[in-house]
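Undergrad: This is the structure I want to talk about, given as structure tokens.
Here, each number is a calculation from the coordinates, and none is a lab measurement. Quantities reported herein were computed from a predicted structural model and do not represent experimental measurements. Note: ideal-geometry Cβ built from the backbone for every residue, glycine included; neighbour counts use all protein chains shown.
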Amino acid sequence: MNCIKKVFIMFNRNKSTLGIMDDLQIAIHSYDGCSKGCSGCLVDTHFKNERFKPILTSDQMQHIHMRVLEYYEWCKTNLNMKSDGYFGKNGFKINHFSYTFRFGNHSELSLEQLQEISSIMAAPYQVFSTAPTEEIEKFHQLSLNNINTSYFLEIIYDPIHDSAYLIRDMILKMRNFNILGYPEILITQRLLNEFPDPNVFVEKCLMPFGDIETQVQFGRYTPSKTRNFNKKQMVMVDDEVTWLAGVAQSILKHKLKIHPIPIAEYAVTLLDEYEEKNHLSDIIENKNLDHLQYKETDFPIKEVMSKTKDIFLSSLYIDHHLDLYIWSESMGQHVLDHNFGFEKLGNILLFSISEIISNKNNILDKMLKQNIQQLIKNPKCSGCSYKSFCSSHAIGFFRKFQEDDGKYCYGYLPVIREFQKDPEFLQMMIDGFKQLKF
Ligand code: SF4
């Protein structure tokens, strides 16, 4: 009982953005150049070799920014004012917008090129993807030139090739300049072959920065068109879940001060919103919790679809053709674009974003239906009480390349359970999100 009482006190989410969407986040295909060869690299092979040159022209960037600004206004007067769904009069609100510039090593660009991107697509928050680099000074200068923008770096970290100590130095150096950021790790077959023992992986690849309180993102590898939909690096769901559960145990055993996203965020969401805090002692004692998962409940399809739609609408991707796609904030933060075999929602050259998503029979609504139908029809999901949770994470689309018809599913529950066993660890993560502000 003590533990349960502790959770109620410890899970103070005041001013923390963990598990809360209040940002209109737009990913932009701005640069793909990179000299590295990370296993499971997803950047477009053509643009990867177009080094030192941004993909978008100034005119394209201006046009994108015009469309995003008008959509941001539309969100404030429409999404924020609805009476149902995730956003609305009585729900969460979109309070700001951000750009995430992807997917290549933006530190290869000159300060002038970065400045052009940053100033044309001005936003309160900007995230740049980068390889591990010592060139932090460039981003520092960028932040001095644009004092109204907070900068973040997504560091693509390949533990097979990159030094964890370089990641540590980079993050600490960034913090000196008020730039936040975190490493992202793609889970590939090659990574698992190199580090079959999750404990060895944690000790070698995470522990060197395990005392500096940083987020670390784990992403699932997905085959892409640019690599001929090659499945060689794809990890079987059961293997991935088992390995990640081992990683979680080791992180907790070593009391590392890192915030594993998104999976440990999900642990908080299920404890709080799904009231699993009432079962915490069973979770800690490794009791069988199938009754929580496989519990036939009323599934309010309309309500879930409305919430999922809102979440999709606040997370979009615009590519170099100015085609618009959904960007799913789930394992791996996939942009659901042409490269991963998804249809564009429309093109923003001639139409505004709000026109594209409001059209009758639009692609977004079609995708929403597919996502929900996947969950309703899937033998594992149909009777599961986490369908609404998995719907908002676009789980239905994960199955495009691999079915989770083995022991585990894309809900990653055994991994979530490990993190749920340590509420203090989760509270540290919740507090860490307070610094992020978006
Ligand atoms: S994918 Fe989600 S909804 Fe389906 S069985 Fe797993 S936890 Fe339940």
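Undergrad: Pop a pseudo-label 7 angstrom from the Cα along the beta-carbon direction at both N228 and R175 and give the gap in nm to one decimal.
TA: For N228 paired with R175, the spin-label model returns 4.5 nm.
Undergrad: I've got another one for you. Hey, how many Å between the Cα centroid of the range 249-269 and the Cα centroid of the range 355-406?
TA: 26
Undergrad: Just from its helices, what would the mean residue ellipticity at 222 nm be for the chain, if runs of 4 or more DSSP H residues each count -39500 (n - 2.57) and the sum is divided by every residue, rounded to the nearest 500 deg cm²/dmol?
TA: -11500 deg cm²/dmol
Undergrad: Next up: Apply the Karplus parameterisation 6.51 cos²θ - 1.76 cosθ + 1.60, with θ equal to phi minus 60°, to every residue of the range 84-97 and state each ³J(HN,Hα) to the nearest whole Hz, in sequence, with x for glycine and proline.
TA: Along the range 84-97, the couplings run 9, x, 6, 9, x, 3, 9, x, 6, 10, 7, 10, 6, 9 Hz.
Undergrad: Right, something else. Using 1/(1 + (r/R0)^6) with R0 = 45 angstrom and r between the beta carbons of K434 and D365, what's the FRET efficiency to the nearest 0.05?
TA: Approximately 0.80, to the nearest 0.05.
Undergrad: Report the one residue of L413, M305, I120 whose Cα lies farthest in the direction of the positive end of the charge dipole of the chain (charges on C-beta: Lys and Arg +1, Asp and Glu -1; origin at the Cα centre).
TA: About the Cα centre, the residue reaching furthest to the positive side is M305.
Undergrad: Sticking with this one: State which entries of K53/K173; K253/K421; K15/K255; K302/K360; K89/K295; K295/K407 exceed 22 angstrom in Cα-Cα distance in the structure shown.
TA: Over 22 Å apart, Cα to Cα: K53/K173; K15/K255; K89/K295.
Undergrad: At 7 Å along Cα-to-Cβ for each site, give me the label-to-label distance between L350 and N78 in nm.
TA: Taking the two extended label points, one gets 1.9 nm.
Undergrad: Sticking with this structure for a sec: Which of the peptides 394-405, 377-388 is most tightly packed, and how do the rest follow, judged by the mean count of other Cβ atoms within 10 Å per residue?
TA: 394-405, 377-388
Undergrad: Along the positive direction of the dipole of the chain (beta-carbon charges: Lys, Arg +1; Asp, Glu -1; about the Cα centre), which of S388, H321, F103 reaches farthest?
TA: Value: S388.
Undergrad: Follow-up question, since we're still on this one. What residues qualify as long-range amide H neighbours of Y221, i.e. H under 5 Å apart, gap of 5 or more or another chain, H built at 1.01 Å from N?
TA: Amide H to amide H, under 5 Å and 5 or more residues apart or across chains, Y221 pairs with I187, V235.
Undergrad: Note down the relative contact order for the chain as a percent, whole number, built from C-alpha pairs under 8 angstrom at least six residues apart.
TA: Contact order relative to length: 21 percent.
Undergrad: Taking all pairs of different Cα atoms in the chain, averaging 1/r and flipping that mean, what Kirkwood radius in angstroms comes out?
TA: Result for the chain stands at 22.3 Å.
Undergrad: Set Lys and Arg Cβ to +1 and Asp and Glu Cβ to -1, take the dipole of the range 146-217 about its Cα centre, and tell me which of F195, F209, L153 lies farthest positive.
TA: The Cα lying farthest towards the positive end belongs to L153.
Undergrad: Charges at C-beta only: +1 for Lys and Arg, -1 for Asp and Glu. How large is the resulting dipole of the range 151-278 about its Cα centre, in Debye rounded to 20?
TA: 440
Undergrad: Can you list the chymotrypsin sites (Phe, Trp or Tyr not before Pro) in the range 80-116 that are in a DSSP coil and have 16 or fewer other beta carbons within 10 angstrom?
TA: Counting only loop positions with at most 16 other Cβ atoms within 10 Å, none of the chymotrypsin sites (Phe, Trp or Tyr not before Pro) in the range 80-116 qualifies.
Undergrad: Next question. Quote the charge dipole size of the chain about the Cα centre in Debye, to the nearest 20; the model charges only the Cβ of Lys and Arg (+1) and of Asp and Glu (-1).
TA: It works out to roughly 560 debye.
Undergrad: If I stretch the segment between Y165 and T45 completely, what's the gain in nm (0.36 nm per residue apart, minus their alpha carbon distance), one decimal?
TA: 40.3 nm
Undergrad: Can you give the FRET efficiency for T57 and K36, using 1/(1 + (r/R0)^6), R0 = 22 Å, r = Cβ-Cβ distance, to the nearest 0.05?
TA: The computed FRET efficiency comes out at 0.25.
Undergrad: Can you tell me what share of the DSSP beta bridges in the chain is antiparallel? A percent to the nearest 5 is fine.
TA: If I count the DSSP bridges inside the chain, around 15 percent turn out antiparallel.
Undergrad: Next up: What is the gain in length, in nm to one decimal, between E275 and H321 on full extension, counting 0.36 nm per residue of separation less the C-alpha to C-alpha distance?
TA: The E275-H321 span can extend by a further 12.2 nm.
Undergrad: Related question: Order of E275, E70 from fewest to most other C-beta atoms within 10 Å?
TA: The most exposed by this proxy come first: E275, E70.
Undergrad: Okay, moving on. Near the amide H of F101, under 5 Å away, which other amide H atoms are found, from residues 5 or more places off or on another chain, if H is placed in the peptide plane?
TA: For F101, whose amide H was placed from the backbone, the distant partners under 5 Å are I28, V127, F128, S129.
Undergrad: State the extension gain, in nm to one decimal, for the chain segment bounded by K407 and I20, taking 0.36 nm per residue of separation less the distance between their alpha-carbons.
TA: 136.3 nm
Undergrad: Here's something else I'd like to know. Taking the Cα centre of the range 214-312 as origin, sum charge times position over the Cβ atoms of Lys and Arg (+1) and Asp and Glu (-1), and report the length of that vector in debye to the nearest 20.
TA: 760
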